[in-house]
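The values are calculated or read from the model by the stated rules, or taken from the named source; none is laboratory data. If you're wondering where the values come from, they're calculated on a predicted model, not measured in any experiment. Every residue, glycine among them, receives a Cβ derived from its backbone with ideal geometry; neighbour counts consider all protein chains shown. Heavy atoms of the whole protein, side chains included, go into the accessibility calculation; ligands, DNA and RNA do not. Shrake-Rupley method; radii C 1.70, N 1.55, O 1.52, S 1.80 Å.
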Amino acid sequence: MSDGGGVLTRGSFLAAFQPEGQWHVDAEASPLTARTVPDFHRIPLPLAGFVAGDYHRAPMTRSRALSVWLPIVAWAAVIFALSSIPSLSTGLGLWDTILRKGAHITEYAILGALLYRALENEVVALAAGIAYAATDEFHQHFVRGRHGAPVDVAIDAVGVALGMLAWLRWRSQ
């Protein structure tokens, strides 16, 4: 407290009792933290209306949140529906395997692009895509005529990464 003044010369009652270099009452602080932690210091959650990794961005509007998250939910539902089909075999032998693995990469590339568009954070988007791939393979374990395979999760992860790269490239043009 360098100026040596009293409570009345500091401008507010609270300012008189705050040591220098410590937290201070700030108009930017969150009302949920009793105004002790500024908003820019909190970790935002994408589902709470913030874009991950960008602490200074304003919350998403409801229409923006719907336009970003609704395609992800819809595409995840498409993947789930395809995983619920008992057998997707075409009887083409090796070509059947190549086509099915190509479909895995394609469907997860779309999911990866959508996740990266919504989250704008490479690590979080990749982790979310891989987590969904793992749950999808777990789901297939319970579908008659299907089985879950760790190698499919790896193929799906490649698809997620390719989709994220495609989105990044398309957005930078």
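Name every residue in segment 92-103 that is open to solvent by 20 Å² or more (accessible area, probe 1.4 Å), assigned to a helix (DSSP H, G or I) and not polar (S, T, N, Q), in order of residue number. Hits for segment 92-103 are Leu94, Trp95, Ile98, Leu99, Arg100, Lys101, Gly102, Ala103.
Could you tell me whether any residue of segment 139-151 is part of a helix (DSSP H, G or I) and small (Gly, Ala, Ser)? No: segment 139-151 contains no residue that is part of a helix (DSSP H, G or I) and small (Gly, Ala, Ser).
Among the residues of segment 141-173, those identified as buried (at least 19 other Cβ atoms within 10 Å of the Cβ) and not aliphatic (A, V, I, L, M) are Asp152, Asp156, Gly159, Gly163, Trp167.
Within segment 62-87, restricting attention to residues that are in contact (Cβ under 8 Å) with a residue 40 or more places away in the chain and under 19 Å from Ala149 (Cα atoms), the residue that is most open to solvent (accessible area, probe 1.4 Å) is Phe80.
For segment 106-122, the count of residues that are of a type in the set (Gly, Ala, Ser) and loosely packed, with under 15 Cβ neighbours inside 10 Å is zero.
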